[in-house]
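A.B. asks: The following block contains the structure, expressed as C-alpha cells.
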Amino acid sequence: MKTSLSYRGFQIFNAFIMTLVVLVTLYPFVYLVAQSFSSEAAVYAGKVSFYPVEFTSQTYRVILSKPDFFRYYGNTILYSVVGTLISVAATAIMAYPLSKDKLRMNKFFIPFVIFTMYFGGGLIPNYILIAKTLAMRDTIWAIVIPGAISAFNVILMKTFFASLPNEVEEAAKVDGLDVFGIFLKITLPLSKPILATIMLFVIVGLWNSWFGPSLYLQSKDKWPVALYLRQLIENAISPTEVGATTADQQSQIAATVKSAAMVLTSLPIICVYPFVQKYFVQGMMIGSVKG
C-alpha cells in the first residue's frame, strides 16, 4: 500500500522522537557503567561520559570479593521471590470475585478498594501495627506482607478478569468444575499477560525497596541490597568496610563504588524484563482499556 507524504513524515518524526527518548533514558545507565570501569583520576576530572576512561575493573573485583554483598543479594532475591508469590496470589484471589457482576454487594466492595488508593493510616500507625501488634519486626514478613495487595493492581487484574469470555466458564461448569476449579484451571492459565504484568510491578518494587527494610530490619545481616546501596550512597560505609585494603584501592573504590553497586543491583531486573515484555504490554493494554 502506498502511504501519503504526510504519513511518511509523521513516521520519520515519530521514529526520531522515540530514538531521542530512548537515548535520554539509556544515558544514565550507560554513564554509570562507564564510570564504574573508569579510574579514580578520570572520574574526579569529569572525563567520563559514554565510555570508560583508563579502564579498570578494580571496583568490581573488590565488591564481588566481599561476602557481605552476596548475602545482601541473597536477601533481596528471597524477599522478591516470596513477596511476589504472595502478592500475585493475594491480588488474584481478591480481584477474581470483584470481576463478577453477580457477586452480592459487588458495587459496595469496589469503592473500599479504590478508597485505599488515596487514603492510608500513615507511617506511625503502620509501624505500630507491624512492629508491635503483629510482632513482625526484624522478620521477612515485615517486608513482604504489608504491601502484598495494591489497590491499583487489584483494579488492573479485575478489569482483565472481566474481559474474559463468560462462555468459557459456563462450559467448565457443564464439565463439572466448581468455582475454585474454574479459577485455578481456566481463569489463571488464560491470565498469563496480567499475571506477568503484576509480577513485574511487584518484583521491581521489592527489589528496589529500602525504606521498609530500614524501618523494620534491625539485624544488618538481613538487609536487602538496596538498603546496602543506600548506605554506600550516603557514605555511611567507608571504602575500608567495602573491602579495600591498600590506599590505591580505597581511593579507587571511593570514586566508583556507587556506580558499580548501582549496576550490580539493576542488572538482574534488566535481564528479566525482556522475557516478560510481551506479556507486560498485552496485560497493560487489556487490563486498563477493556471493562
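A.B. asks: Counting only residues that are assigned to a helix (DSSP H, G or I) and in contact (Cβ under 8 Å) with a residue 12 or more places away in the chain, how many does segment 169-216 have? Don't jump to the end; show me each part of the working.
C.D. replies: Residues of segment 169-216 that are assigned to a helix (DSSP H, G or I), as a first pass: 169-174, 179-190, 192-208, 211-216.
Checking the rest, the ones that are also in contact (Cβ under 8 Å) with a residue 12 or more places away in the chain come to 169, 172, 182-183, 185-188, 190, 192-208, 212-216.
The total comes to 31.
The rows are residues; the columns are (1) assigned to a helix (DSSP H, G or I); (2) of a type outside the set (S, T, N, Q).
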| position | (1), (2) |
| --- | --- |
| GLN35 | yes, no |
| PHE50 | no, yes |
| ASN75 | yes, no |
| VAL81 | yes, yes |
| MET94 | yes, yes |
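A.B. asks: Do you know which residues across segment 101-145 are over 25 Å from MET157 (Cα atoms) and part of a loop (DSSP other than H, G, I, E, B)?
C.D. replies: From segment 101-145, those over 25 Å from MET157 (Cα atoms) are 122-140; that's our starting set.
Hits for segment 101-145 are GLY122, LEU134, ALA135, MET136, ARG137, ASP138, THR139, ILE140.
A.B. asks: For segment 211-223, give me each residue that is crowded, with 16+ Cβ neighbours inside 10 Å and in contact with a Leu (Cβ under 7 Å, 6 or more places away or on another chain).
C.D. replies: Selection gives PRO213, TRP223.
A.B. asks: Any residue that is at pLDDT 85 or above and assigned by TED's automatic domain parsing to the domain that holds TYR73 - is there at least one of those in segment 229-245? Reasoning before the result, please.
C.D. replies: So the first thing to find is which residues in segment 229-245 are at pLDDT 85 or above, and the list is none.
Scanning segment 229-245 turns up no residue that is at pLDDT 85 or above and assigned by TED's automatic domain parsing to the domain that holds TYR73.
A.B. asks: When segment 71-100 is examined, which residues are found to be closer than 15 Å to PHE152 by Cβ and among the β-branched types (Val, Ile, Thr)? Outline the logic, then answer.
C.D. replies: So the first thing to find is which residues in segment 71-100 are closer than 15 Å to PHE152 by Cβ, and the list is 87-88, 90-92, 94-95, 98.
VAL88, THR91 - these are the residues of segment 71-100 that are closer than 15 Å to PHE152 by Cβ and among the β-branched types (Val, Ile, Thr).
A.B. asks: Could you tell me whether TYR127 is under 19 Å from the mean Cα position of the chain (by Cα) and among the aromatic types (Phe, Trp, Tyr)?
C.D. replies: Working: under 19 Å from the mean Cα position of the chain (by Cα): no; among the aromatic types (Phe, Trp, Tyr): yes.
Taking the combined requirement at face value, the residue does not satisfy it.
A.B. asks: In segment 130-139, what count of residues is obtained for those that are in contact (Cβ under 8 Å) with a residue 12 or more places away in the chain, surrounded by fewer than 17 Cβ atoms within 10 Å (Cβ to Cβ) and of a type in the set (A, V, I, L, M)?
C.D. replies: So the answer is 1.
A.B. asks: Which of the numbered conditions does LEU103 fail, given that it passes all the others? Conditions: (1) at pLDDT 85 or above; (2) surrounded by 14 or more Cβ atoms within 10 Å (Cβ to Cβ).
C.D. replies: Among (1) at pLDDT 85 or above; (2) surrounded by 14 or more Cβ atoms within 10 Å (Cβ to Cβ), the lone unmet condition for LEU103 is (1).
A.B. asks: Same structure again: Kindly indicate whether any position in segment 63-72 is modelled with pLDDT of 85 or more, over 16 Å from VAL263 (Cβ atoms) and assigned by TED's automatic domain parsing to the domain that holds LEU267.
C.D. replies: Yes, that holds for at least one residue.
A.B. asks: Within segment 3-58, can you find the residues that are surrounded by 12 or more Cβ atoms within 10 Å (Cβ to Cβ), farther than 17 Å from LYS258 by Cα and within 26 Å of the chain's Cα centre (by Cα)?
C.D. replies: none
A.B. asks: Further, regarding this structure: Just to be sure before I move on: is PHE180 of a type outside the set (D, E, K, R), closer than 29 Å to LYS107 by Cβ and surrounded by 18 or more Cβ atoms within 10 Å (Cβ to Cβ) in the structure I sent?
C.D. replies: Working: of a type outside the set (D, E, K, R): yes; closer than 29 Å to LYS107 by Cβ: yes; surrounded by 18 or more Cβ atoms within 10 Å (Cβ to Cβ): no.
It is false that PHE180 is of a type outside the set (D, E, K, R), closer than 29 Å to LYS107 by Cβ and surrounded by 18 or more Cβ atoms within 10 Å (Cβ to Cβ).
A.B. asks: Scanning for something touching a Pro at 6+ places or on another chain (Cβ under 9 Å) and either on the phi < 0 side of the Ramachandran plot or acidic (Asp, Glu) (or both), does segment 191-205 turn up at least one residue?
C.D. replies: no
A.B. asks: Hey, another quick one. Within segment 146-163, take every residue that is among the polar types (S, T, N, Q) and part of a helix (DSSP H, G or I) and give me the one that is modelled with the lowest pLDDT. Give the steps one after another, and end with the answer.
C.D. replies: Start the filter on segment 146-163 by keeping residues that are among the polar types (S, T, N, Q), which leaves 150, 153, 159, 163.
Keeping just the survivors that are part of a helix (DSSP H, G or I) gives 153, 159, 163.
Numbers: ASN153: 90, THR159: 87, SER163: 84.
Taking the candidates together, the pick is SER163.
The values are calculated or read from the model by the stated rules, or taken from the named source; none is laboratory data. Every value quoted in this text rests on a predicted model; they were computed, and no experiment measured them. With ideal geometry, Cβ positions are generated from the backbone for all residues, glycine too; neighbour counts draw on all protein chains shown.
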